[in-house]
Structure formats: C-alpha cells, structure tokens
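The values are calculated or read from the model by the stated rules, or taken from the named source; none is laboratory data. Computed from a predicted structure; not experimentally measured. Methodologically, a virtual Cβ is constructed for each residue, glycine included, from the backbone with ideal geometry; neighbour enumeration extends over all protein chains shown. When the accessible area is computed, the model is the full protein with side chains, heavy atoms only, and any ligands, DNA or RNA have been set aside. Shrake-Rupley method; radii C 1.70, N 1.55, O 1.52, S 1.80 Å.
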Amino acid sequence: MHSGRAAALLAALVVAALAGCVQQPTLRLATAGSERPRPLWELHFEGNRRFSDATLRSKLASEVSDYRTIRYFDPDTLADDQRRIVALYRAHGYYSTRVTDVRYFEWQGGQLVVVMQIDEGPVTRVRSVEVTGMPAGLTARLPLAKGDAMEHQRYLDGKDRLGRRLRLSGYAHAEVTGEVVVDPGTLTADIKVTVKPGALSEFGPIAVGAPKDERPLAKDDAAVVRNLLTFKKGRRYSEDELEETKNRLYETGAFEQVEVDPDLSGGGRVVPVDVKVTLGRPRQLRFGVGVGSDRNQQETRGSVSWLNRNFHGGLRSLELTGRLAYAWLPTVVAPDVHGVVASAGARAIEPARTRALLDFSQGLSADTQLVDEYRSFGAKPDLGVARRWVRFRRKVTVGLSYSAEVRGFDFFKAVPAQLALEVGVEDRFLLSYFEPSLVLDTRNDPLDPTRGVYLALTTDHSVSGSYRFDRFVPELRTYLPVLGAGGRWLTVAGRARVGLIRPRYTGETVHVSQRFFAGGASSHRGFGFRHMSPRCYIPDSDSSQCTDTPIGPSETFLIGGQTLLESSFELRTTPWRFLLGGTPAGFGGVVFLDAGRVGAPDDSASDFTLQKLELALGWGLRFDTIAGPLRLDVGYRVGDKNKNGLGTEPPVAVHLSFGQAF
C-alpha cells in the first residue's frame with residue numbers, strides 16, 4: 001500500500017480507537033500470538049512503490065477472508081511471506097529490501113488486520129552486457145541492456161531464448177551459460193554470457209513406433225505417421241520441426257499420447273529422432289438432446305453420432321451422424337406450420353496418404369428443412385481435398401470441395417408471378433458447385449473461446465444445374481481476455497461477416513433457398529430466425545401482387561437477399577465457477593451490440609451505411625457446462641425500426657440456445 005493509503009488507514013484506526021474511549025473500542029492494537037484462531041480480514045503494505053498491494057498479495061501464501069470463505073491467520077505462514085517479499089524484490093534488482101515492521105490490529109469480533117512496513121531500498125542497474133561465442137550470422141540479444149533494472153528472471157529468460165534460437169538454427173547441442181556480478185557499492189551489475197554452439201546438426205534416422213507397454217503400431221498407421229512428420233533425414237536440425245510434428249499428430253485426434261524425442265546423447269552432428277505414439281479409443285458414440293426457442297421457431301431435438309478414427313487401419317476416419325427434431329413455427333402454442341426436421345450424413349476422410357499431407361474426404365448427406373415459406377427435401381454427395389498446417393495454436397486449412405445437390409420444395413404460400421421474375425422459386429432444382437476455402441483458427445476452444453482469432457474465406461462457384469452464381473462469404477471473429485485468468489471476469493469478443501451473391505449471367509436469378517437470411521440466436525439477435533430479410537407482402541385480395549409494404553390483410557413472404565453484412569460486439573463474464581456433479585461449471589452473462597443488414601437484389605453499396613444498419617442492444621445469461629454454455633439472450637432493436645421495411649417485426653427477440661453466439 002502506498003504511503004498515502006497507509007496513512008489514511010492508520011488515521012482511521014486511530015479515530016476508531018479514540019471514538020471508542022467511552023465504550024469498548026471496535027478496533028485495537030494486537031499481537032501476533034493468540035490462543036484462539038483469528039480470521040485474517042485485511043493485509044496491507046506500507047512503503048511499497050515498485051509493486052502494488054494486489055501484486056504483493058498474489059505472491060504470498062497468507063490469504064484474507066471474504067464474504068464466502070473465512071481464512072485464519074497463521075504467524076508461521078506470515079513469517080515465510082516476509083521472506084517471499086524479499087525474494088520478489090531481489091528478483092527485480094532490489095538487493096537490500098527488508099520488511100522492517102509488522103503491526104497487528106484486531107476488530108471487536110476478533111478479525112485481524114495486518115500492516116507490513118517495507119523498506120525497498122535502491123535498485124541495482126545493469127552496467128554492462130557481454131555475450132561471447134555466438135556463431136557467425138546469428139546476433140546475440142538479451143532482454144536486458146545497460147541502465148535497466150537487474151531483473152534476474154529477464155536474465156534467465158534471455159539465456160533460454162538464446163539457447164532456443166541456436167537450436168532452431170541447427171545447433172542441437174548448444175549450451176548457454178552465464179553469470180551476474182553485482183557490485184553493492186555502486187549498485188551496478190555486470191552480465192556475462194558464454195555460448196558453446198557445438199556442431200551444426202542435421203536429423204538422422206527416424207524411428208516410428210509405440211511405447212513398449214502399448215500395442216505395436218500397424219504398418220499402415222506407421223506410414224501415415226511418417227507422412228505427417230515435418231522433418232526428414234538429412235535436413236538441418238530445428239527444434240520447431242519437432243514441436244510442429246507433435247501438434248500435427250495430436251491434431252488427427254487418433255492419438256492420446258505423442259512423444260517426439262531427439263537423441264542428443266552422442267553429441268555428434270547427426271541427431272536420431274524417436275517418435276512414439278499411443279492410439280486412443282478409435283470409436284466414439286455420442287447422444288444429445290435439447291430444445292431451441294426463438295420468436296419465430298421453436299423445436300425439440302435429438303442427435304446421435306458415431307465416429308471411428310481408425311476405420312480399417314491407416315487412420316482413416318468414418319463418421320455417421322443423425323439429427324431428428326420437431327419444429328413449430330412460430331410457436332408451439334400457436335403454430336402456423338409444424339413438422340419433422342431431420343438430417344443424416346456419412347463422411348469418410350483419408351488422411352495424409354502422401355508427403356503432400358493432403359486429406360481426401362467424401363460425404364453423403366440428406367435432410368429435410370422447414371421454414372416459414374416452404375418445406376424442402378434434399379440430398380448432397382461431395383468430394384473434397386484439404387491441406388492443414390498446424391503450428392503451436394495456429395491452424396491453417398486450405399480446402400477445395402465439389403458438391404452436387406438436388407432439392408425439392410413444397411411451398412406453403414402462393415408465389416406471385418411478379419415475385420417469380422425476381423427470385424428463383426421453382427419447386428425443384430439441381431446444383432453442382434466448387435467450394436474453395438481458407439481457414440485460420442487460433443482459438444483456444446471452438447465451443448467457448450476466450451482467446452484467439454478465427455478467419456474464414458469461403459466461396460461457392462456453381463458450374464452446372466438450374467442456377468449459375470458465385471457466392472463469397474468472408475468472416476472474422478476475435479476474442480481477447482481482459483480481466484481475470486482466461487478472461488473469467490471480462491472477455492471482449494467481436495465478429496464481422498460479409499456475404500455477396502451474384503448470378504453468373506444477366507437476367508438470371510438465385511433460388512430463394514440459396515439467398516442470405518439473418519436473425520436468430522447465432523445471427524442478429526434483434527430478430528427471430530431468418531426474419532432480418534427483404535420481403536414482399538401478398539395481399540389477401542390479390543395473390544398475384546407482391547408489394548414492399550402491406551396493403552390491408554396480407555401474407556409475408558421472406559425472399560432473402562444477395563448481399564449481407566453482420567457484426568456483433570460482446571462483453572462476456574463468468575464470475576461464478578464451481579463443480580457440478582464433479583465436472584466444472586459456471587454462471588455468467590454478456591451484454592452485446594448486433595448490427596447488420598440483408599440487401600435486396602437492387603441494393604447498392606450506398607445502401608449499407610450506418611443509418612441503414614439494423615441495430616440491437618441486449619443482454620444474456622450463460623450457464624457453462626462441460627459440453628459448452630447454455631444461453632439465454634434478449635435483444636432489443638434500437639433506432640428507426642422501419643428503415644428497411646421491417647417495421648412489422650416485433651422490437652424484442654428472445655433466444656434460448658446452446659453454445660456461444662459466435
């Protein structure tokens with residue numbers, strides 16, 4: 001505690017003591033010893049300038065009580081804490097720091113207040129830095145320079161960094177030693193670092209197998225492991241290559257333990273490497289049930305998936321998925337439309353069969369969809385190839401897939417002839433298209449991220465079938481922990497998504513099912529599912545007409561758009577964390593701002609101004625589970641609610657769903 005705060009505290013203690021002269025005082029001086037345990041209520045510091053009270057408390061074993069937990073004072077622990085304070089200051093260049101006094105005060109209820117007096121003393125600064133022995137072409141840089149405070153941890157980190165740099169540059173046997181000579185008289189320190197790089201090394205023989213007490217690795221599995229190695233015999237040694245190989249092998253999901261160990265015992269130029277992998281459980285069966293609630297759609301659902309990560313060996317994966325739901329639109333109480341929504345799929349992936357590290361995939365899926373305007377049935381086979389780069393927590397995936405989709409529609413509403421000229425509303429279509437993609441993912445958790453970046457660039461290019469168009473959908477998500485470990489007290493999250501569809505030839509349209517819609521629990525939360533969309537109103541008196549505004553009693557037909565802009569900004573907090581049935585859980589909330597717009601076919605870039613964006617402010621509750629957060633969000637539209645012809649939409653939307661919004 002800085003001296004001003006310390007003086008204020010002591011003044012308050014004196015005033016409290018004087019105020020109690022007539023009656024028993026509420027606060028009094030005390031001693032460290034006592035026959036009964038006393039709660040430690042407050043712990044303060046005087047004379048500390050280099051470190052704040054909070055920093056000092058975080059380094060001590062003594063803990064103060066709070067409104068939930070009573071923690072008792074222990075004089076032996078406090079004595080050790082005084083030595084911890086001295087060690088902390090010494091590590092940052094304060095070699096003469098002392099704890100000169102400890103005072104104790106006691107409240108009437110027996111709670112103890114401890115005030116520690118610290119004499120920091122002067123700081124010792126670096127006088128010189130000398131590094132010898134670095135190989136030609138490599139520069140020697142330490143994080144300490146002449147005039148800096150002599151912080152010992154920075155000195156140790158600098159030595160470690162030099163050693164790692166040498167090992168990344170091919171010097172597998174590099175040694176870095178050093179010493180710090182402190183002159184107490186002049187309060188200066190001289191740093192001397194000696195580098196012994198050893199011979200420039202290269203990778204030698206590579207052994208791939210399983211640990212001795214595990215089942216031997218099959219020949220096909222070992223071949224895939226070898227293809228996933230980022231290094232080969234004869235290449236210059238680099239510690240980075242070993243780490244990236246380990247990440248690649250874990251990324252497959254097939255191994256529960258991976259060891260990539262260089263043999264440095266010989267000290268020679270050639271470094272053998274031993275790769276040991278332990279196969280995990282190849283088969284997984286998962287079930288799930290849930291509900292979803294939105295202003296415009298409510299459903300109850302169940303899902304099942306079966307995954308085999310080593311299907312017929314060679315680390316081939318086969319996944320079967322199924323989902324069955326019953327949906328009510330708009331609500332279960334008063335549905336206009338209701339029915340079964342289902343999907344099923346199978347996907348097989350052939351991983352890294354060559355040194356090019358290409359993953360080949362093939363899939364087949366079928367589904368039924370239910371929205372306000374139609375029910376649809378479709379099937380889609382696809383073929384794909386992808387290349388992934390995994391380095392530490394950075395994952396880059398480049399992919400190319402080819403899909404063919406056949407789909408039929410049962411429209412609930414009459415389609416005006418005027419609308420059929422502007423939007424594709426055929427009751428069946430066939431599409432085939434290529435889909436190149438690029439994904440960068442550095443998130444720490446895909447279900448509930450608190451740190452990292454997700455960037456996806458996806459395009460569709462139809463090549464044959466009923467419609468010809470090009471679609472571009474880039475998306476960026478960012479997550480930054482601000483307060484607390486892992487962003488527990490505050491995480492800032494943001495998302496931006498842009499979409500553009502253009503028919504390949506003049507006069508062609510895009511089918512309504514392929515256009516952009518926004519709104520819902522994972523989109524713009526000021527609207528119900530799909531309801532931030534251009535629309536036409538079909539008068540009951542003339543179903544052949546389609547108007548921009550309702551004329552008397554009329555039906556609404558959502559037609560989607562060919563341009564899209566979505567953005568979200570969230571402040572997330574999870575202050576309460578606990579164990580529930582032996583598994584970690586938590587409770588918290590968010591506040592958010594969503595903005596976006598879906599453009600009609602005749603919209604231009606000038607229509608996507610701030611004045612035209614649909615804005616929604618809102619709040620949400622989160623109940624964290626081991627499988628992800630259960631969430632409730634409430635969004636309220638602000639500003640002119642009819643600026644895009646959406647004035648008929650309610651101003652408030654409530655969403656109940658699973659997983660973060662993004």
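At a glance:
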quantity: The chain - mean residue ellipticity at 222 nm from DSSP helices (-39,500 (n - 2.57) per run, n ≥ 4, rounded to 500); calculated: -4000 deg cm²/dmol
quantity: Counted charge near GLN514, where neighbours are those whose Cβ lies closer than 9 Å (Asp, Glu -1; Lys, Arg +1); calculated: +1
quantity: Radius of gyration and maximum dimension Dmax of segment 526-662, Cα, Å; calculated: 18.8, 63
quantity: Under 13 Å, Cβ to Cβ, from LYS380 - net charge with Lys/Arg +1 and Asp/Glu -1; calculated: -3
quantity: Computed accessible area, MET134, all protein chains, 1.4 angstrom probe, square angstrom; calculated: 40
quantity: Rounded, prolate or oblate (a/c below 1.5 giving rounded, otherwise prolate when a/b exceeds b/c) for segment 144-191 by Cα gyration tensor; calculated: prolate
quantity: Two-decimal Rg/Rh across segment 314-425, once Rg and the Kirkwood Rh are taken from alpha-carbon atoms; calculated: 1.13
quantity: FRET efficiency, 1/(1 + (r/R0)^6) with R0 45 Å, evaluated for VAL654 and ALA379 via beta carbons; calculated: 0.85
quantity: Carbon/sulfur fraction of accessible area - the chain, other protein chains in place, 1.4 Å, %; calculated: 57
quantity: Surface/4 of the Cα convex hull for segment 47-113, nm²; calculated: 5.2
quantity: Normalised contact order of segment 430-572, rounded percent, pairs of Cα under 8 Å and 6 or more residues apart; calculated: 19
quantity: Heavy-atom accessible area ranking, 1.4 Å probe, most first, across PHE429, PHE377; calculated: PHE377, PHE429
quantity: Probe 1.4 Å, protein heavy atoms only - accessible area per residue of segment 452-597 in square angstrom; calculated: 42
quantity: log10 of Debye I(q)/I(0), alpha-carbon scatterers only, for the chain at 0.05, 0.08, 0.09 Å⁻¹; calculated: -0.39, -0.90, -1.03
quantity: FRET efficiency, 1/(1 + (r/R0)^6) with R0 30 Å, evaluated for ARG98 and TRP619 via beta carbons; calculated: 0.05
quantity: Three-way shape label, segment 505-545, alpha-carbon gyration tensor, a/c 1.5; calculated: oblate
quantity: Inter-probe distance in nm under a simple model that places probes 7 Å from Cα toward Cβ, at THR506 and VAL482; calculated: 5.1
quantity: Viscosity 1.002 mPa s, 20 °C: Kirkwood-radius Stokes-Einstein D of segment 206-341 over Cα pairs, µm²/s; calculated: 116
quantity: Additional length obtainable on full extension of the chain from GLN418 to TYR636, 0.36 nm per residue less Cα span; calculated: 75.1 nm
quantity: LEU318 - accessible surface, heavy atoms, 1.4 Å probe, Å² rounded to 10; calculated: 30
quantity: Reachable lysines, given that their alpha-carbon falls under 26 Å from the alpha-carbon of LYS395 and they are not under 8 places away in the same chain; calculated: LYS232, LYS233, LYS246, LYS276
quantity: Rounded to the nearest 20 debye, dipole of segment 158-238 from Cβ charges on Lys, Arg, Asp, Glu; calculated: 460
quantity: Extension gain (nm, one decimal) between LEU264 and ASP540, 0.36 nm per residue minus Cα-Cα; calculated: 91.0 nm
quantity: Kirkwood hydrodynamic radius (C-alpha pairs) into Stokes-Einstein, segment 283-377, 37 °C and 0.692 mPa s, D in µm²/s; calculated: 213
quantity: Label-reachable residues, segment 136-152, where backbone N falls under 17 Å from a point 7 Å from ARG90's Cα toward its Cβ; calculated: 150-152
quantity: Pair ARG71, LYS219: separation of 7 Å Cα→Cβ label points (nm); calculated: 6.2
quantity: Local net charge near SER265, Cβ-Cβ under 15 Å (Lys/Arg +1, Asp/Glu -1); calculated: -3
quantity: Whole-number accessible area per residue in Å² for segment 320-433, which is evaluated in the context of all protein chains at 1.4 Å; calculated: 51
quantity: Lys, Arg +1 and Asp, Glu -1 on Cβ, resulting dipole of the chain about Cα centre, debye, nearest 20; calculated: 1660
quantity: Segment 132-237, Cα convex hull volume normalised per residue, Å³; calculated: 148
quantity: Separation of the ARG323 and THR300 label points, Cα + 7 Å toward Cβ, nm; calculated: 1.9
quantity: Cα long-axis angle, helix 219-228 against the chain (0 to 90 degrees, to the nearest 10); calculated: 80
quantity: Semi-axis lengths (Å, descending) of the ellipsoid that matches the C-alpha gyration tensor of segment 265-318; calculated: 47, 16, 9
quantity: Dipole axis of segment 454-560 (+1 Lys, Arg; -1 Asp, Glu on Cβ), positive-most option in THR491, VAL510, GLY560; calculated: THR491
